[in-house]
Amino acid sequence: MYAYILRRLAWSVPFLFAASFLAFTIIQAPPGDYVESYAAKLEADGRQVDEVRLNSLRDRFGLDEPFLSQYWKWISGIAKGDFGLSFQWQQPVSELIGDRMILSVILATSTLLFTWAIALPIGILSAVRQYSWGDYFFSIIGFIGLATPNFLVALILMYVGVVYFGTNVTGLFSAEYVNAEWSWAKFLDLVKHLIIPVVIIGTSATASLIRIMRANLLDELYKPYVTTARAKGLSEFKTILKYPVRIALNPFASTIAWVFPQIISGSTVVAVVLSLPTVDPLMLDALLTQDMYLAGAFILMLSVMSIIGMIVSDIVLAMIDPRIRYR
Amino acid sequence: MSNLVDQTDPRIPTDIAEASQWRLMWLKFKKHKLALISLYLVGFLYVLAAFAEFFQPFDPEVTSRRDVFHPPQMVQFLDRTEDGTRFRPHVLGTTLSRDPETLATSYERNPDEKIYISFLGKSEPYLLAGFIPMQRRLIAPTDPDERFYLLGGDRLGRDMLSRSIAGTRISMSIGLVGVAMSLFLGTLIGGMAGYLGGWFDSVSTRAIELILSMPTIPIWLGLSATIPANIDPLMRYFAITVILSLIGWTELARVVRGRFLALRTEDFVTAARLDGARPRRIVFRHIMPSLMSHIIASVSLAIPAMILAETSLSFLGLGLLPPSISWGVLLKEAQNIRSIAQAPWLFVPGFFVLIAVLALNFLGDGLRDAADPYAQDQ
Amino acid sequence: MTQQNLPADHPILEIKNLVTVFETRHGIFNAVDDVSLNLVPGETLCLVGESGSGKSVLSRSILQLVDRPGRIASGEILLHEAHPSSKTEQTRSLDLAKLEARSGVIRNIRGRDIGMIFQEPMSSLSPVHTIGSQITESLVLHEGLNKKAARDRVIEMLRRVEIPNPEKAIDQYPFEFSGGMRQRAMIAMALICNPKILIADEPTTALDVTIQAEILDLLNDLKKQNDMAILFITHDMGVVAEIADHVAVMRHGKVIENGNVQDVFDRPKHDYTKALLKSARDSQIPSPDRLAQRQVQPIGAPILEASNLRKEFYGKTGLLGMTQTTLVAVNDASFTLHEGETLGVVGESGSGKTTLARCIQRVHSIEAGQLHYTNRGGDRAEISQLNDAQLQPTWRDMRTVFQDPFASLNPRMSVSQIIGESLLLNGMTSPVDRRKRILELLDLVGLPSSALERYPHAFSGGQRQRISIARAIAPNPRIIIADEATSALDVSIRTQIMDLLQELQKELRLSYVFISHDLGLVRYFCDRVLVMFKGDIVESGDSETVCTQPTHDYTRALLSAVPITHPDQRGSRQRFRYENG
């Protein structure tokens, strides 16, 4: 088991490098380098351009050096916690990310948990009662959930909230808590505000997970070992829960690997629409204004989050499936 | 005695089973009523996309300052006048009024003003599909100077129906073009990985795993942010398609690779090799036919994903930009809570997205189930 | 007729006029059609039949385990109380056919009064639960034992079914066991509550012969110890001869013959039973046709000579997959195949016999050794290192009939395309000529010309194998490699395919390499035989000699495990176990 985890972690190192390389390529892709953009920005704001400072910046990021050594400077800076500078905000990137990243992680993990909590029982129900009223009902809901873009659901909810209830569903905190210190009350307020974004982001993932669980379980329900269990005299409920459901859980667990990126991906759009204080609106802003160090850092962080999700999913899978553990 | 042994089981109905795989697949597909309906619906949407100009009552770019956020009008089929009632489709005119204190605009129905609609009515000349000169549209106001808004008007008084139909072209085609590109990459890489195996397989499998483990929208956003903003709309369209397929090919490659690996070790492939078939003939004559149906099914499931991706990107302002018209570009207008509170019909393109994606999903599902006509159906 | 043939002992289970139906789109299908059977304590009833005869459905009907859309339509399944109170005739009976599949009553009977084991021990056990947890369950359920007591009972039971080191085995997973051990675990699971009836649905079909013999012995012992009634389902008359007290033959859902095992073997009434018995008896003698033919047409010169062939497979294990493991699949194999000869290669799963076949045809590469092929012109050439293109002329002469008639025909191609492929690629480009030749081939293998434009899915297993044979003989080859070509077929079809191969050998002067796990079949069909064990050829020689005077211990073990063909031979054979390796 430990050997397996070790192997899995070792495999993720090249992945992390590839992700960081991709993020850096995106940083580098717009025409002109960072300092030129920065100078242009300063000029546009009508401020003095300080050549000395520009040169020191050039030095710091190795802008005159070849691509690979620039990348090396950037990535070794990140290893020390230095993500570069945001010219838009005139602040080190690391200071801007902090709180927002935590909220992003909270949002993504609570969506994942929500997705699982909903999809698992409904998937089981749909498979065991195949072609029943409930099965059809959830299939239809699932299809619509898959087909509707997240942001459309968010917009419609916003519309319904404003027009029919007169409430604002945006943000993650009520006005009085936005700048408050962390407290129990603030936490409860956060939980209350999390519900709507979690439901919106989770819809499509839940829909696909229900379909996967249903299909997995349908595959397992008619396997010989289920007959064996019945032949032992187990009740139908216990038979299904102990054997096919348990085995259908394995491929289900492995879905975290791609559901997690999907959730992070989906939350980007929803967070922008609902103006949540997560990394996403800031990232979109950074991309639109070509504030590339900031944007690159966000892309890197989100990718790393996905890769961590994948590792966790693989380890969970190994924990519940002895066939993998013993290999 | 051997006759006795060879005789078939009398309980089995003598079924005619001389059909080729395509016929078997069609028979199986037809049983999926929802998929069949979806097939027609998707066909209709592509016809709409190909001949969008003909189906639009108006030029989608024409603005009308008088009709800002004009509400949708109902079509009345029967015209009641002093001469009696007869079939003559029309909408009732509206008059704009402004609250003197709040300055809020509102439209009042004016039953005395009728705007008649003609079927195949005359319009200003246009080029159908970009090259066929035409002067008639499916429906048009009988008096070319008048305007009607079956699905409302936007903030510049442009007709939402015409704009949504115009958006069909880009949104539906970006799925096709993107998938065609993904298909090329996917079958090439997946097929090579599956057939060659070895280091190529492990490297490409890792690459696919990496790409699949990435959050797609942030990456797409990052890549599209690198497209210069002042580029020609057509170039932007292609750039976006390329970006979408850069990630989209992975799923197809995985399907193709998996099937290839499974088929490569099948006895009938070994038999073909022993028959003297060269690798190219083995791939195209013996393996591909078994793969085709799976590829078609995957493709039809990949198209809706592409459509959703384009919609999301354009909605965020990093995909297509006006003057290009796609459903995502149109929905960007609905981003502002004040606009949608005043004009909920701005959601109409979203309805188009929903229908298109649903239909494509059902179609793909039906195709996937039919793809293996020899599998037992429950 | 069912009743009078049975002994006076009181049956514990009576099946009366049972009908189990499946409702399909084509209408109602009577899978079990008016069947009556009795089970008696301490006796084994063998239910014999081929695929689709309804024997499995019958066995599942007893415990109400038939999956939808199947259901019991009519009839009775009377379970009599295990030991009827001695003198009084009043036995408490329960009609299982009337019970709901999910009712508590039937659940109490399952596992407690009636145990069941299945064909495929791997898929019949849950892969993610330990053996112990799967067996203990029944004890907790039916006898209310606590975990500790149950565990002790399970260890005891594992010991009784001869699983080595039961204290350790109880915490292992099924995939850590070999096939035979898994089936023992299944038996332990079925018998843990000491049921009075055991239903065994083809429990040895998926196992090697040597393992099969051990499992049969074990079941026989347990039957005696527990005074159990066994319903044993099989398609193999040899197995019936080994263990049955009574026999019922099923065909198309009906029991067509039912009686004492001696009577059925000595005086079969139904033609179908006679045919089954003949196929079983064939495995005791060399085929008379073959012997006659060799008199007319003696075996010729060597055409394929293999010396010291070696084949290795590589795997990767360990941290980061850095460690390479080597598996020697074929080690130092040498043999000669002569013109017009049938050479058998016999061995159990994992012996390397299929790998050897693929090596001599050069589907696989060869690590070491030499392979000489002498073509029609008498040119002797070394082919062990040639590439695919260079092998073309050899492949035209050396063809294959595969094991699985479903996987070896491309479902997307019509019969004429499948057979015509090798003709086309070997230069017969005229469609008219091809069609003529294909029709000729179809006629040779006994298929109607209407088969030409049909697709494989329209044919049964036996017919598909005929198509496969037609494809093999299409380019007029000299050697046919038949890799378990008959093992996926029902016994009665198997005989016909063997006869067809024999016939073709006579007409086309073919040499066969016949790969099989069945020593009886090899004795019937082959002139010489190679016995393989774990990659090595342990014995080779004239097939009659090898089968009557084996020199190697493994051959002896294999022979002793081959089922007898008549119940009279019971006990006449001493079992050998080959422990080496």
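The values are calculated or read from the model by the stated rules, or taken from the named source; none is laboratory data. What you see is a predicted model, and the numbers here were worked out from it, not measured in a lab. Methodologically, a virtual Cβ is constructed for each residue, glycine included, from the backbone with ideal geometry; neighbour enumeration extends over all protein chains shown. Areas reflect the complete protein model, heavy atoms only, side chains present, ligands, DNA and RNA absent. Shrake-Rupley method; radii C 1.70, N 1.55, O 1.52, S 1.80 Å.
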Kindly compute the accessible surface that chains C and A hide from a 1.4 Å probe when together, both sides summed, and give it to the nearest 100 Å².
2700
Bin width 20 Å, alpha-carbon pairs only: give the P(r) of the protein assembly as shown as whole percents, running from 0 to the bin holding the largest distance.
9, 30, 32, 20, 8, 1
Mean residue ellipticity (222 nm) of chain A, computed from DSSP H runs ≥ 4 via -39,500 (n - 2.57), nearest 500
-25500 deg cm²/dmol
Just to be sure I understand the model, the point goes 7 Å from the Cα along the line to the Cβ. What's the resulting residue A:36 to residue B:127 distance in nm?
3.6
Shape descriptor, region C:120-194: equivalent ellipsoid semi-axes (Cα gyration tensor, sqrt 5λ, whole Å, largest first) stand at 18, 12, 11
DSSP loop chymotrypsin sites (Phe, Trp or Tyr not before Pro) with at most 10 other Cβ within 10 Å: longest gap in chain A:
A:183-327
What lysines sit close enough to residue C:168 to cross-link, taking a C-alpha to C-alpha distance under 25 Å and skipping anything fewer than 8 places away on the same chain?
A:232, A:242, C:147, C:148
Take the Cα of residue A:320, step 7 Å along the line toward its Cβ, and report every residue of region B:207-221 whose backbone nitrogen sits under 12 Å from that point.
none
Mind checking which lysines have their Cα closer than 23 Å to the Cα of residue C:506? Skip sequence neighbours fewer than 8 apart in that chain.
C:278, C:436
At least 30 Å² accessible surface lost relative to isolated chain, residues of region B:260-286 (1.4 Å probe)
B:267, B:268, B:270, B:271, B:273, B:274, B:275, B:276, B:278, B:281, B:285, B:286
Please return the longest range in chain B lying between exposed loop sites, taking GluC sites (Glu not before Pro), DSSP loop only, at most 15 other beta-carbon atoms within 10 Å, and leaving the sites out.
B:147-378
Counting only heavy atoms of the protein chains, get the accessible area per residue of region B:73-148 (1.4 Å probe) and round it to a whole Å² value.
71
With every protein chain in place, the accessible area of residue C:353 for a 1.4 Å probe, in Å² rounded to the nearest 10, comes to 20
Using just the helices of chain C, give the 222 nm mean residue ellipticity in deg cm²/dmol: DSSP H runs with n ≥ 4 each add -39,500 (n - 2.57), and the total is spread over all residues, rounded to 500.
-10500 deg cm²/dmol
Per DSSP, loop chymotrypsin sites (Phe, Trp or Tyr not before Pro) in region B:157-216 with at most 13 further Cβ within 10 Å
none
Dividing the alpha-carbon radius of gyration of region A:102-278 by 2.2 N^0.38 Å, where N counts its residues, gives 1.23
Residue-level accessible surface for residue C:278, protein heavy atoms, 1.4 Å, Å²:
90
Where in region A:13-30 does the amide nitrogen come within less than 19 Å of the point 7 Å from the Cα of residue A:304, taken along Cα to Cβ?
A:13-28
Amide H neighbours of residue C:480 under 5 Å, counting only residues 5+ apart in sequence or on other chains, H built in-plane at 1.01 Å?
C:399, C:511, C:512, C:513
Straight-distance crosslink candidates among lysines, where the alpha carbon sits under 26 Å from residue A:73 and sequence neighbours closer than 8 are dropped
A:41
If R₀ is 22 angstrom, what is the calculated FRET efficiency for the pair residue A:5 and residue A:109, using the beta carbon separation as r and rounding to 0.05?
0.60
Semi-axes of region A:193-262's equivalent ellipsoid from the Cα gyration tensor, sqrt of 5 times each eigenvalue, largest first, rounded to whole Å?
31, 12, 9
For chain A, what percent of Cα pairs sit more than 26 Å apart?
59
Taking the Cα atoms of region B:73-148 alone, what are Rg (to one decimal) and Dmax (as a whole number) in Å?
16.3, 51
Can you tell me the equivalent ellipsoid semi-axes for chain C? Use √(5λ) from the Cα gyration tensor, largest first, whole Å.
46, 28, 23
Might you tell me the accessible area per residue for region C:366-502, computed with a 1.4 Å probe and given in Å²?
37
Note: region B:150-306, point scatterers on Cα, Debye, no solvent; log10 I/I(0) at q = 0.17, 0.19, 0.20 Å⁻¹ equals -1.02, -1.16, -1.23
How large, in percent, is the carbon and sulfur part of the accessible surface of chain C at a probe radius of 1.4 Å?
49
If the label point sits 7 Å along Cα→Cβ of residue B:95, residues of region B:135-149 with amide N under 20 Å come out as B:146-149
Within the set C:16/C:55; A:192/A:238; C:16/C:223; C:55/C:196, which residue pairs have Cα atoms separated by over 26 Å?
A:192/A:238
Please report, for the Cα atoms of region C:135-260, the Rg to one decimal and the Dmax as a whole number; what are they, in angstrom?
15.9, 49
Compute the distance in nm between two label points, each set 7 Å from the Cα along the Cα-to-Cβ direction, one at residue B:143 and one at residue C:390.
9.0
If R₀ is 25 angstrom, what is the calculated FRET efficiency for the pair residue C:51 and residue C:73, using the beta carbon separation as r and rounding to 0.05?
0.65
Between residue C:291 and residue C:572, how many nm apart are label points set 7 Å from Cα along the C-beta direction?
1.7
Apply 1/(1 + (r/R0)^6) to the Cβ-Cβ distance of residue C:336 and residue B:203, taking R0 = 60 Å, and write down the FRET efficiency to the nearest 0.05.
0.85
What residues does region C:96-134 have that are buried by at least 30 Å² of accessible area in the full protein assembly compared to the chain on its own, 1.4 angstrom probe?
C:102, C:107, C:110, C:118, C:123, C:124, C:126, C:127, C:128, C:129
Using the Kirkwood radius built from alpha carbon pairs, what does the Stokes-Einstein equation give as D for chain B at 10 °C and 1.306 mPa s, in µm² per second?
65
Helix-only estimate, please: 222 nm mean residue ellipticity of chain B, summing -39500 (n - 2.57) across DSSP H runs of length 4 or more and dividing by its residues, to the nearest 500.
-18000 deg cm²/dmol
